[in-house]
Amino acid sequence: MNLNIVVFGLAITSSWGNGHATTYRALIKALARRGHRVTFAERNVPWYRRHRDLFDPDHCSIELYDNLQSLPGPFGPLVRNADLVILGSYVPDGVVIGDWITSHARGITAFYDIDTPVTLSKLDSGSADYIRRI
């Protein structure tokens, strides 16, 4: 069974200054090799925009968004029709996006953490701004 997967992650278009892009690139390439269709949603921020090194990959579709207000229109159908929607760690406004995803997705929703010890520490101290306890 081939899945339609949407990933909201920190960055895939720029490997500059973060390990997220290389991790996501490997994960998504592996999913694509298994026949899954992946859309990667990334906030269009200046520091990654200036350092992009991935533009039009053949293993996924990349969708950029500028702010939270730009999500519902174009991303609403993607999230509703996905078999799986993944929210990654460190995504700006991740708590709000996570709430939006879980209230609109019909398929499975998941959180993918690239640095679990940091996330657990942030949750314990109450300083996590990309995920919250439910």
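The values are calculated or read from the model by the stated rules, or taken from the named source; none is laboratory data. Everything numeric in this text was worked out from a predicted model, so none of it was measured. Counting neighbours? That spans all protein chains shown, and the Cβs are built from the backbone with ideal geometry, glycine included.
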- Message: Whether any residue in the range 32-41 is surrounded by fewer than 18 Cβ atoms within 10 Å (Cβ to Cβ), under 11 Å from the mean Cα position of the chain (by Cα), among the hydroxyl-bearing types (Ser, Thr, Tyr) and part of a strand (DSSP E or B) is what I want to check.
- Response: no
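Kindly indicate whether residue 75 is in contact with a Leu (Cβ under 6 Å, 6 or more places away or on another chain), within 17 Å of residue 38 (Cα to Cα) and not in a loop (DSSP other than H, G, I, E, B).
no
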- Message: I'd like to check something: does the range 80-97 contain any residue that is surrounded by 14 or more Cβ atoms within 10 Å (Cβ to Cβ), in contact with a Ser or Thr (Cβ under 6 Å, 6 or more places away or on another chain), at pLDDT 95 or above and not polar (S, T, N, Q)?
- Response: yes
- Item | Members of the range 2-31 found to be exposed (fewer than 15 other Cβ atoms within 10 Å of the Cβ) and either under 13 Å from residue 63 (Cβ atoms) or modelled with pLDDT under 95 (or both), listed by number | 16, 17, 19, 22
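Table: residues versus (1) surrounded by 13 or more Cβ atoms within 10 Å (Cβ to Cβ); (2) closer than 22 Å to residue 25 by Cβ.
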residue	(1), (2)
65	yes, yes
70	yes, no
78	yes, yes
111	yes, yes
120	no, no
- Query: Any chance the range 49-62 includes a residue that's among the small types (Gly, Ala, Ser), within 15 Å of the chain's Cα centre (by Cα) and over 16 Å from residue 12 (Cβ atoms)?
  - Reply: no
- Here the residues within the range 1-13 that are part of a loop (DSSP other than H, G, I, E, B) and under 14 Å from the mean Cα position of the chain (by Cα) are 9, 10, 11, 12, 13
- Task: For the range 98-109, enumerate the residues that are touching a Leu at 6+ places or on another chain (Cβ under 7 Å), surrounded by 13 or more Cβ atoms within 10 Å (Cβ to Cβ) and outside any helix (DSSP H, G or I).
- Result: 107
- Message: Against the condition surrounded by fewer than 12 Cβ atoms within 10 Å (Cβ to Cβ), within 19 Å of residue 87 (Cβ to Cβ) and among the acidic types (Asp, Glu), how does residue 58 come out, does it pass?
- Response: no
